[in-house]
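Here's the structure, in structure tokens; my notes come after.
The values are calculated or read from the model by the stated rules, or taken from the named source; none is laboratory data. All of these numbers come straight from a predicted model, not from anything done at the bench. Virtual Cβ from ideal backbone geometry, glycine too; neighbours counted across all protein chains shown.
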Amino acid sequence: MEVKSAYVETGGESSLTLRISPPTDTKEGTYPVEVKALDQEGNVLDTLEILVEVKPSAVTGIEVQTKYSRMEGPPGKKMEFTIDVTNHGDRKTINYGVNVQGQGGWSTNISPRFEDKSINSQSFEAGEEKTINLAVTPPETVKPDDYKVDFVASSGAVKDNLSLIVSIPGTYKLDLTTKTGRLNTKVERGSTGTVQLVMRNRGSAPLKNIQLSTGYSLPSGWSTEFNPETVPVIEPKSQKTVELTVETADDTVPGDYSFEIRANATEPYDRTASFDLRVTVSPGTSWGFVGIGIIGIILAGLFLMFWRFGRR
């Protein structure tokens, strides 16, 4: 409690505490302070001179801290670090800086906590602490890895920094389809047909050792061949084309058949993609010629029969 006067009886005494707070910009040195005791009429009863020595602040630095220095997320996703900034010295403006080591295309933004605005500095009173958010967004094309993010808070020669980590895990996704997008083809009985297959890596990490095979329901007597049968690697957002040759059996009944085509990547993790290919088997041109021959024989027989009966 602050007081400006005290009642003292004759022959008695009273104790008061004097607190002196020099301005924050006061230079180092010794300063005299005069304290006077006055009566009710303002007459000086006694005077006391005090020497106040102003020394440099024992702590003048900046301190930055965070509870979580590591964030993990996929490419293109914003991740936010919460950072506490403390000014241990006199009133000052603290500037902020961010650097993602060795990478371009990253987006960073600093904002006061619970406020939707971008800042690169803040004014601090002596001993004041503030909380800010640092948002870091990696580009869509970033490769899986751990990336170091350096945050610096500085005021002149005084500074403090944090080493943060943004971890980008790999994603692994394999797609399989045909080059035309149609999952059907036509083949004559007893002959071969080809289909162009396309494998796409829709993940963010390479897929390796991709093997192609036919699954269930391959008709009896049929054979398939892939060229190539194994693809060494497919980079992220890339694709590879493989030619599939289908050979039908000579005794296949014309109609529609289907069987599974499968692509399996074994490294670094097992990923499989598949679809059912429908094959329409036609009789073929040779059977057409046989039919024409049969019709010709029938017509020739009818002509001969009518010719003989006509002569009678």
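Descriptive notes on the structure:
- Breaking point among (1) outside any loop (DSSP other than H, G, I, E, B); (2) within 30 Å of residue 235 (Cα to Cα); (3) of a type outside the set (A, V, I, L, M, F, W, C), for residue 131: (2)
- Lone unmet requirement of (1) free of Cβ contacts under 8 Å to residues at least 24 places away in the same chain; (2) more than 29 Å from residue 263 (Cβ to Cβ); (3) not polar (S, T, N, Q) for residue 148: (1)
- Residue among 92, 55, 117 that is modelled with pLDDT of 90 or more, over 35 Å from the mean Cα position of the chain (by Cα) and more than 29 Å from residue 145 (Cα to Cα): 92
- Test: residue 25 is surrounded by fewer than 12 Cβ atoms within 10 Å (Cβ to Cβ), in a strand (DSSP E or B) and at pLDDT below 85: no
- Yes/no for residue 149 being modelled with pLDDT of 95 or more and either of a type outside the set (Val, Ile, Thr) or over 20 Å from residue 92 (Cβ atoms) (or both): yes
- The number of residues in the stretch 195-239 being modelled with pLDDT under 95 and of a type in the set (Phe, Trp, Tyr) comes to 2.
- Verdict on residue 127 being modelled with pLDDT under 95, loosely packed, with under 15 Cβ neighbours inside 10 Å and either under 23 Å from the mean Cα position of the chain (by Cα) or of a type in the set (Asp, Glu) (or both): no
- Residue count, the stretch 95-114 (criterion: touching a Pro at 6+ places or on another chain (Cβ under 8 Å) and farther than 21 Å from residue 146 by Cβ): 0
- Exactly one residue among 159, 148 is of a type outside the set (Phe, Trp, Tyr) and either under 16 Å from the mean Cα position of the chain (by Cα) or assigned by TED's automatic domain parsing to the domain that holds residue 240 (or both), and that residue is 148.
- Qualifying strands (runs of 3 or more DSSP E) (wholly inside the stretch 54-109; at least 2 residues being β-branched (Val, Ile, Thr), in contact with a Phe, Trp or Tyr (Cβ under 6 Å, 6 or more places away or on another chain) and buried (at least 16 other Cβ atoms within 10 Å of the Cβ)): 92-100
- Contact map, the stretch 181-192: residues that are surrounded by fewer than 16 Cβ atoms within 10 Å (Cβ to Cβ) paired with residues that are of a type in the set (Lys, Arg) and not in a loop (DSSP other than H, G, I, E, B), Cβ distance under 7 Å, separation 6+ or inter-chain. Pairs shown: 183/278; 184/278.
- Of all residues in the stretch 37-53, those that are within 30 Å of residue 126 (Cβ to Cβ) and surrounded by 10 or more Cβ atoms within 10 Å (Cβ to Cβ) total 3.
- Number of positions in the stretch 239-270 that are surrounded by 14 or more Cβ atoms within 10 Å (Cβ to Cβ) and aromatic (Phe, Trp, Tyr): 2
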